[in-house]
Amino acid sequence: MLCSYPFKQITIRDWDGDRIKWFHPCCNMSRPDWEDPMDWQNTDFTPEEAFNSKQFKELREALSNNKKHPFCKTCWDMEDRGIESFRIHNDDTKPRGKLDVVDFIASNKCNLACRMCDPQTSHRLMLDFEFFSKEHLLHEVEEATCGKFRGRMTIPKTINTKQYQWLLNNPVKELRFSGGEPFFDNQIIKLLDKYIAEGWAKDTILAYHTNGTMFNPLLIEKLNKFKKQHPKLSIDAVEECYEYIRYPQSFDELDRSVRLFLKASTNLGRVNIAVVVSALNILELHDHWQWCCTLPKKVYISYCEVYPDQRGISPIYLSRQLLEHIPWLDSKKFTQIRNSYFRRNVEDKEKMLREITLFDYSRNQQYKNYLHPHLISWLDS
Ligand code: SF4
């Protein structure tokens, strides 16, 4: 089969108020230009009913016959760019044609407002949204981010939905979740507590994305009750560059939280540090790599391209000379990404400055205080 996700997993992540907008087999299928390739007209289903829907059956049929179904355009496009796509992943839970894995987002509640994010994924970015709205810059910011930053978004009320209630009462082999920041969201904590109270936790693997800022002894104790955990910590840079991207988090506090977690956890599987590669951090990734090497447990660094691929902070717009300064890292995926930016390079400083300065304006920041000196000199030239 070309990809195992549709044979074991359902992703429930995009909410419109208290209604789920669509069900997909993975969290990468939806992109601003094709939000719902599976075309869900009705979503009044439990996760199990959706997993047994005609859309999922059609996709499973195609993938088991090695046919590249158009639902998975995200992956086929990446492969066309010469980059290993999302369908290549670790199969901790083997695909059995049964719903064993649920990948869930309870809401967009988040303590951070990262540069590459949007109000759909972090409610904190509504502060930027309101600012842009007041300054009549919404159209401009939507254009600068190629449609990523758009639309007013309130925090969805998912607690009474059919999907959340199903999750509370149907234990699965692997519970995946992200946010927002999942540990900033009581609904995720409530779900973990239910698994612990019912005795399900010892048989369930947790795989989650977190920004890594919220670890404390109580949370770590809960997580230790599960069979295993595979955390992905989203940390894309160090020091000032980190603080610029992962606004308004202090790097020192993040560092303390991550070290406490890695030292006190007793059931860690593979720990990933997830890096979104953008023009903001690409020149500094060697420092980031070195910081990862100082952590008290071995971590794997995984890289992905900032998206949409054509937005202002994409490295494709860097000058050729700056591309030459991208560090060499011992990572196949990073090398593919780096080579792809070289191949597709179309220098456009104005486009990059537009996205950078719009958010600088909204946050009263100045890129000159945070970014790599070579990048600053080019942007200023
Ligand atoms: S092929 Fe890609 S888009 Fe399709 S389910 Fe697998 S990871 Fe998701």
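The values are calculated or read from the model by the stated rules, or taken from the named source; none is laboratory data. None of these values were measured; they are calculated from a predicted model. Don't worry about glycine lacking a Cβ; one is built from the backbone with ideal geometry, like all the others, and counts go over all protein chains shown.
What is the residue count in the range 131-156 for residues that are modelled with pLDDT under 95, more than 23 Å from Asp309 (Cα to Cα) and surrounded by fewer than 14 Cβ atoms within 10 Å (Cβ to Cβ)?
Selection size over the range 131-156: 1.
Only one of these conditions is not met by Lys332: (1) surrounded by 14 or more Cβ atoms within 10 Å (Cβ to Cβ); (2) within 22 Å of the chain's Cα centre (by Cα). Which number is it?
(1)
Conditions first: (1) within 15 Å of the ligand (Cβ to nearest atom); (2) of a type in the set (Ser, Thr, Tyr); (3) at pLDDT 90 or above. Ser122 passes all but one, so which condition is the exception?
Just one mismatch for Ser122, condition (1).
Given the conditions (1) in contact with a helix residue (DSSP H, G or I) (Cβ under 6 Å, 6 or more places away or on another chain); (2) at positive phi, and given that Ile376 satisfies all but one, which numbered condition is not satisfied?
That leaves (2) as the condition not met.
Test Lys351 against the stated conditions and say whether it is among the basic types (Lys, Arg), outside any helix (DSSP H, G or I) and more than 21 Å from Ile83 (Cα to Cα).
For Lys351, the condition - among the basic types (Lys, Arg), outside any helix (DSSP H, G or I) and more than 21 Å from Ile83 (Cα to Cα) - is not met.
Scan the range 246-256 and tell me whether some residue there is outside any helix (DSSP H, G or I), more than 26 Å from Asp100 (Cβ to Cβ) and among the basic types (Lys, Arg).
Scanning the range 246-256 turns up at least one residue that is outside any helix (DSSP H, G or I), more than 26 Å from Asp100 (Cβ to Cβ) and among the basic types (Lys, Arg).
Would you check if there is a residue in the range 235-248 being hydrophobic (A, V, I, L, M, F, W, C) and surrounded by fewer than 20 Cβ atoms within 10 Å (Cβ to Cβ)?
no
Within the range 31-43, can one find any residue that is surrounded by 13 or more Cβ atoms within 10 Å (Cβ to Cβ), of a type in the set (Ser, Thr, Tyr) and within 15 Å of the ligand (Cβ to nearest atom)?
no
Name the residue, out of Ala264, Ala274, Ala279, that is in contact (Cβ under 8 Å) with a residue 40 or more places away in the chain and farther than 23 Å from Asn111 by Cβ.
Result of the check over Ala264, Ala274, Ala279: Ala279.
Could you count how many residues in the range 168-186 are farther than 13 Å from Lys222 by Cα and crowded, with 20+ Cβ neighbours inside 10 Å?
11
Would you check if Phe86 is among the hydrophobic types (A, V, I, L, M, F, W, C), surrounded by 16 or more Cβ atoms within 10 Å (Cβ to Cβ) and within 8 Å of the ligand (Cβ to nearest atom)?
Against the criterion (among the hydrophobic types (A, V, I, L, M, F, W, C), surrounded by 16 or more Cβ atoms within 10 Å (Cβ to Cβ) and within 8 Å of the ligand (Cβ to nearest atom)), Phe86 qualifies.
Across the range 302-341, which residue is nearest to Lys73 (Cα to Cα) among those that are aliphatic (A, V, I, L, M) and in contact with a Ser or Thr (Cβ under 8 Å, 6 or more places away or on another chain)?
Taking the candidates together, the pick is Val306.
Assuming Asn52 fulfils every condition listed in (1) away from the ligand (no atom under 13 Å from the Cβ); (2) within 28 Å of Gln336 (Cβ to Cβ) apart from one, which condition is it?
Every listed condition holds for Asn52 apart from (2).
For Ser107, state whether it is within 23 Å of the chain's Cα centre (by Cα), away from the ligand (no atom under 15 Å from the Cβ) and within 24 Å of Gly151 (Cα to Cα).
yes
In the range 1-29, what residues are closer than 20 Å to Asp185 by Cβ and among the hydroxyl-bearing types (Ser, Thr, Tyr)?
Thr11
Which residues, counting only those in the range 191-205, are free of Cβ contacts under 8 Å to residues at least 12 places away in the same chain and either buried (at least 18 other Cβ atoms within 10 Å of the Cβ) or over 23 Å from Asp92 (Cα atoms) (or both)?
Ala197
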